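Below is one structure; the comments refer to it alone.
Values quoted throughout were computed directly from the atomic coordinates according to the rules given, and no laboratory measurement underlies them. Since we're looking at a predicted model, the values are computed, not measured. We place every Cβ from the backbone using ideal geometry, glycine too, and count neighbours over all the protein chains shown.
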């Protein structure tokens, strides 16, 4: 039996470092928090190769006294607490005295520091936890720490680091959160010699948010201001016009500390109950001030996990704060029209022929194409890569004029002030679906109710069918897109005017890191300057959709999937993208309905949408007469 013995200091430090330093992100977090605690109002974060080869944090804080430099790298040496009593009233981000010692134990570290009282600064070099050199040096007031060759002496840990892209993404998340936590500090973030972003030194939280996120998010923010006897909540949450496919933009700070709390996320979302589409999440930036004695931040060395003394009460207060912000404003969903292009005479037309118009009258009134009444010569400069609008069969709804901007608004009532033409049976054009190998019977279109449900009857007039136009188009687009992807023959369309999308750095980095996947899905993305991309081509099936919505839907899906699982999850990504189809409330014309039903009849599964909802419901004449009590038994 092995004897019990005391481990040497080197082994002890490496074991301790494993708890505090999990990856490059944790090093950045610990060092930036030290800079904040040192009173810095300017912080520069620089990384290379996802932080594996270099992490450099420079600040203009108080610096470290020359006589205390050696102690700074010893375990459990700290200037932030004196006794255990201080743990119940913490006002600093760091307090354990483990960060510098843990970092120095598993990397090569160089620190340059000077206080305002010292004429010269101190440069110290440490390898494997041991000081190898120390000298005086001229430098400004503050501290700069450079960490290189992470885990060079712990190869077992090094091999478990993720790719440079993944580690960079994690670091970006923590730098953004720290920048948001302290709007009075200017942050500069440099990734592989490129300035990713700068934040201003300001007293306005909104200024910091606007420097990090896109305009659509900024314009959707609602102010949160709530105070009770035990806590104060300030910040912003988004209205119903902005949501994402994951919770990454739900950013919360407790007493200035960035935290992650799954239950809190659920309570925030509960304030939006029934207001957002399924699997869509709001963004929020909340700052919670609470008595430190009511919070335990000593749960985990990473200090992002906390416990509240009265958790349910606190979480319900947070939900109430978000709820009050939502309901103190109008929460009516705004449906914004995005015009594809104005006609060249400078006029924009909004033509709304009724679905019940006589087909001949409709043909005379409808514009020649979705761009309005323009001369054919005006299209001489339009180029399409693999698709020609003039030759393509009209089965992807070229004439859809009104579009809802949000996805799956299944039961929304769109108010139309224009009087609709009365339905006259003698003018009705019945459409008999062309029959080949179809899974649906031949149907005649009677009309559309609620601008959502297509009403049909069988040719023998013994059955009535209701077809959800959104679910049907979603199924058609899904099968078409999936078949094109599997055969590597995605039909693309070149945009007349390329779409420019301004992104947060996190979204920009994720998009550029997945350019190849977007390319395989039919999107042509280009770098268009700082945190902006240019989309030149899109899959043809989405040409009438909101390009930004499609892009963000795919991007959010990709951000939730690791690279190694991409092939396994592509079906899910395509399903999510195809949600951006014809919606409830979109007005369809007779030719569009015919195209829809023809395509649906040829689908492999014309009965349910890709998410399992029914597309078509049948009612027999017998069942209808029974409801009207024409049949008594």
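With R₀ set to 41 Å, the beta-carbon distance separating residue 190 from residue 223 gives a calculated FRET efficiency near 0.80.
The simple spin-label model puts a point 7 Å past each Cα toward its Cβ; for residue 613 and residue 262 those points are separated by 2.8 nm. How far apart, in nm, are the 7 Å Cα→Cβ label points at residue 160 and residue 500? Taking the two extended label points, one gets 4.6 nm. Each listed q (0.28 Å⁻¹) maps to a log10 I(q)/I(0) for the range 122-174, found by the Debye formula over equal Cα scatterers with no solvent: -1.11. The orientation-averaged shadow of the Cα convex hull for the range 435-528, equal to a quarter of the hull surface, comes to 9.8 nm².
Highest mean packing comes first when the peptides 207-216, 527-536, 47-56 are listed by Cβ atoms within 10 Å, giving 47-56, 207-216, 527-536.
Over the range 229-310, the ratio between the Cα radius of gyration and 2.2 N^0.38 Å evaluates to 1.15. If R0 is taken as 51 Å, the Cβ-Cβ distance between residue 512 and residue 459 corresponds to a FRET efficiency of 0.40. In units of the rule-of-thumb radius 2.2 N^0.38 Å, the range 109-250 shows an alpha carbon radius of gyration of 1.41.
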